[in-house]
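What follows is a single structure, written as structure tokens, with notes after it.
FYI, it's all coordinate maths here, none of it is from the lab. Quick caveat, the model's predicted, so the values are computed rather than measured. Cβ placement follows ideal geometry from the backbone for every residue including glycine, while neighbour counts extend to all protein chains displayed.
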Amino acid sequence: MTRHDRPLKLEPPAPPPALSDRALDNLRFIRQTMEAAGTFTAVSGAGITLTGIVALIATLVAGTHLESPRWLLTWMAAAPIAFSASVYHTVRKTRASKATFTTALARKLALAFFPSLVAGAVLTAVAIRAGWYPALPGMWLMMYGAAVMAGGAMSVPIVPVMGALFMGFGAIALAVPLVFAGWPPELRGVLLNSIMAAGFGGLHVLFGYLISRRYGG
Amino acid sequence: MAKRNTAASTRPPAGDVGAHGPGAGGLSSVDGHATDATPAALDRLIHERIRLGIVSALAVNDSLSFNALKSLMGTTDGNLSVHARKLEEAGYILCTKSFEGRLPKTDYALSPLGRQALERYLGHMEAIIKATRER
């Protein structure tokens, strides 16, 4: 018996997935698309831009002396103002577009966004108590970036990118006190404040503009 | 009403429920919201993944721009354009073209007919699942 005479041993074809499995898969796809689309336009570019403008004003008002109460109080006051502006515009945009913003979605966003901010607040208290003022800009940028990345996972792809850049700026700011340890504190303050302006101000303005252009407001 | 396009290009991708799927012949009497819940009666126009995605995304938004839909579906300009046109020709979605400054902007919205089609499709899927479980 030659090789050609032998009967072919064909592998039995893999059974097709059950009809109900494929129907379930289709329903899952519809649900996932609806969830993704629901979060899609919820982020307001105008609100993010406004956050950046508030940060730029805070940079000018705060001065460069990191240990001064003025610097700390200015930034602590700027944070809730910027946050409120962003939330206001996001809610306005959501209502204007009649987009679905369900309680479940709000809960998911809050659960993703706030833990890093709470951790940042606790670490800020610890840093102030210990007198680690030069660590504050880097820490705030890092924690805020982590919050934006986590919250942005449920939003348009550009948002997590913005979060990652905040974290990058934060890492640079944290390195400044170590790399430039020999510099006078005033110069280090100028450098750190510039990073804060570029991060909280520049990144917000840039990404706010991009989100406005690409995602309708 | 615009002419409905149910051309061969609306064939579902492998792995989707289709008219020739297993058990297609035995599902002619399935129960569910859809009275005609047989795979053969499936709306092939929105059965294709990208078109189903477009209709689903528009169902939870008043309107979405072309770029937003493209980003959401993770597809190319040409692909989205072709699928959106098929849905538009069927009267399932409405297309509005405008200018934002000097840039042209295309927005899509789901028509009442499109919403009905999606609801009917969901009914079919639920009926298929129910019928299969009751067997």
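Only helical DSSP H runs with n ≥ 4 go in: add -39500 (n - 2.57) per run for chain A, normalise by residue count and round the 222 nm mean residue ellipticity to 500 deg cm²/dmol. Intermediate results must be reported in sequence, preceding the final value.
Numbers: 8 runs with 159 residues, N = 217.
Computed ellipticity for chain A at 222 nm equals -25000 deg cm²/dmol.
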Using 7 Å Cα-to-Cβ label points, what is the B:LEU113/A:VAL61 separation (nm, one decimal)? 5.6 nm
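Of A:LYS93/B:LYS105; A:LYS93/B:LYS97; A:LYS108/B:LYS97, which sit over 25 Å apart, Cα to Cα?
Values: A:LYS93/B:LYS105 18 Å; A:LYS93/B:LYS97 21 Å; A:LYS108/B:LYS97 34 Å.
Exceeds cut-off: A:LYS108/B:LYS97.
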Under the classification rounded if a/c is under 1.5, otherwise prolate if a/b is larger than b/c and oblate if not, where does chain A fall, given a ≥ b ≥ c as square roots of the Cα gyration tensor eigenvalues? prolate
Spelling it out for B:ILE93: with amide H atoms placed in the peptide plane at 1.01 Å from N, the residues 5 or more places away or on another chain with amide H under 5 Å from its amide H are B:GLU88, B:SER111
In degrees, nearest 10, range 0 to 90: what is the angle between the Cα axis of helix A:19-40 and the longest Cα principal axis of chain A? 20 degrees
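Using a 10 angstrom Cβ neighbour count of at most 16 plus a DSSP loop assignment to flag exposed trypsin sites (Lys or Arg not before Pro), which longest range of chain A is free of such sites? List each step's numbers first, then the result.
Working: sites that count: A:ARG3, A:LYS9, A:LYS98.
Free of exposed loop sites, the longest segment is A:99-217.
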By the mean-Cβ-within-10 Å protection proxy, highest first, A:56-66, A:138-148, B:61-71 rank as A:138-148, B:61-71, A:56-66
In whole angstrom, the spacing between the Cα centers of region B:44-60 and region A:137-184 equals 38 Å
